[in-house]
Amino acid sequence: MIKIGHYNTLRILRETSVGLFLGDDSGEDVLLPNKYCPEEFEIDDMIEVFVYLDYDERKIATNIHPKILMHEFALLEVAAVSENGAFLEWGLEKHLLVPFKEQRQKMEEGRWYIVRLELDEMTQRLYGSNKIEKRLDNTNLEIEEGDEVEALVYRKTDFGYSVIINHKLKGLIYENEVFTELNIGEKHKAWVKKIREENKVDISLQPIGYENAISEHSQRVYDTLKNNNGFLALNDKSAPEDIYNRFSISKKAFKKAIGDLYKHRKISISKKGIKIIE
């Protein structure tokens with residue numbers, strides 16, 4: 001079955017005046033309009049397309065990559081508001097509807113909101129939901145401490161930043177562990193720092209564990225040194241802001257990184273900065 005809201009790899013069945021008809025093993029087919037057809041193709045070629053419903057509520061294929069896929073979260077802009085809800089720009093011709101019942105607060109044209117792509121099983125229509133907490137469930141965690149994850153920032157709290165983990169789970173980055181401004185809607189590579197009672201998840205923007213942090217950060221510092229004639233005006237006394245602006249890591253991680261390089265006689269450390277040892 002050709003899935004709505006997903007990428008589908010389909011076979012080119014036939015060419016018509018309006019475009020190519022694509023099909024799968026179930027016998028279902030879908031139109032890829034002329035404007036989305038590849039310049040060169042042959043019948044029976046396999047092609048990857050995104051499928052959704054057009055204005056006439058028929059399945060349609062496109063080679064355009066939408067800004068959000070099924071059951072994913074993304075920050076999208078409201079293009080228009082009508083009596084049916086808010087219509088968001090998501091990269092395709094037909095805007096994505098967020099019905100009023102799926103809005104945490106009334107959406108306004110020109111503003112940006114985090115939504116999740118959903119499918120109405122009755123009508124087969126795609127829609128967006130802004131009710132984030134309703135879509136996150138930490139009951140059964142598929143992650144462990146130390147795992148690398150994707151974290152999408154969705155709210156600033158008194159404790160730090162609430163994040164969506166791998167489009168499924170809720171987590172928190174503590175404010176005292178953030179060394180730069182985080183913006184709503186940003187996606188970051190992150191790591192699971194701790195899983196607490198009731199499956200509450202603490203997230204770190206830096207690798208967990210001494211060995212992981214040192215190996216990655218040390219290499220970055222050393223590579224940067226090589227690209228700057230072997231010298232940087234930074235050391236263990238430098239301001240945390242200066243270190244973060246250069247490497248996007250904490251001062252603690254930076255000190256461990258240069259300490260590792262120094263221990264292996266890769267660099268020298270002075271009041272002026274750090275220097276590669278030839």
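The values are calculated or read from the model by the stated rules, or taken from the named source; none is laboratory data. Not measured: the values here are computed from a predicted model. Cβ placement follows ideal geometry from the backbone for every residue including glycine, while neighbour counts extend to all protein chains displayed. These accessible areas exclude ligands, DNA and RNA; they are computed on the full protein's heavy atoms, side chains included. Shrake-Rupley method; radii C 1.70, N 1.55, O 1.52, S 1.80 Å.
You will find that of Glu57, Glu28, the residue that is exposed (fewer than 15 other Cβ atoms within 10 Å of the Cβ), more than 19 Å from Gly128 (Cβ to Cβ) and at pLDDT below 95 is Glu28 and no other.
Against the criterion of being more than 19 Å from Pro207 (Cα to Cα), of a type outside the set (Ser, Thr, Tyr) and either touching a Cys at 6+ places or on another chain (Cβ under 7 Å) or open to solvent by 50 Å² or more (accessible area, probe 1.4 Å) (or both), Lys106 qualifies. Of the residues that make up the range 241-251, is at least one open to solvent by less than 20 Å² (accessible area, probe 1.4 Å), within 24 Å of Ala151 (Cα to Cα) and not in a helix (DSSP H, G or I)? Checked the range 241-251: at least one residue is open to solvent by less than 20 Å² (accessible area, probe 1.4 Å), within 24 Å of Ala151 (Cα to Cα) and not in a helix (DSSP H, G or I). Check the range 231-240 and report whether any residue there is surrounded by 13 or more Cβ atoms within 10 Å (Cβ to Cβ) and part of a helix (DSSP H, G or I). Yes, that holds for at least one residue.
Residues of the range 252-268 that are at pLDDT below 90, basic (Lys, Arg) and under 20 Å from Ser204 (Cβ atoms): Lys252, Lys256.
Mind listing whichever residues of the range 138-167 are acidic (Asp, Glu) and modelled with pLDDT under 95? Give the derivation first.
Taking the range 138-167 first, the residues acidic (Asp, Glu) are 142, 144-145, 147-148, 150, 158.
Hits for the range 138-167 are Glu142, Glu144, Glu145, Asp147, Glu148, Asp158.
Filtered by the rule that a residue be under 17 Å from the mean Cα position of the chain (by Cα) and in a loop (DSSP other than H, G, I, E, B), the range 111-142 gives Asn130, Ile132, Leu136.
Out of Phe87, Phe50, one residue alone is in a strand (DSSP E or B), without any contact (Cβ under 8 Å) to a residue 24 or more places away in the chain, within 26 Å of the chain's Cα centre (by Cα) and crowded, with 19+ Cβ neighbours inside 10 Å. It is Phe87. Looking at Ile68, Ile43, Ile2, just one residue is within 30 Å of Tyr154 (Cα to Cα), hydrophobic (A, V, I, L, M, F, W, C) and either modelled with pLDDT under 95 or not in a strand (DSSP E or B) (or both), and that residue is Ile68. Just so you know, in the range 158-186 the residues that are open to solvent by 50 Å² or more (accessible area, probe 1.4 Å) and of a type in the set (Phe, Trp, Tyr) include one that is farthest from Leu141 (Cα to Cα), and it is Phe179.
Here Arg11 passes the criteria (1) surrounded by fewer than 12 Cβ atoms within 10 Å (Cβ to Cβ); (2) of a type outside the set (Val, Ile, Thr); (3) over 29 Å from the mean Cα position of the chain (by Cα) except the one numbered (1).
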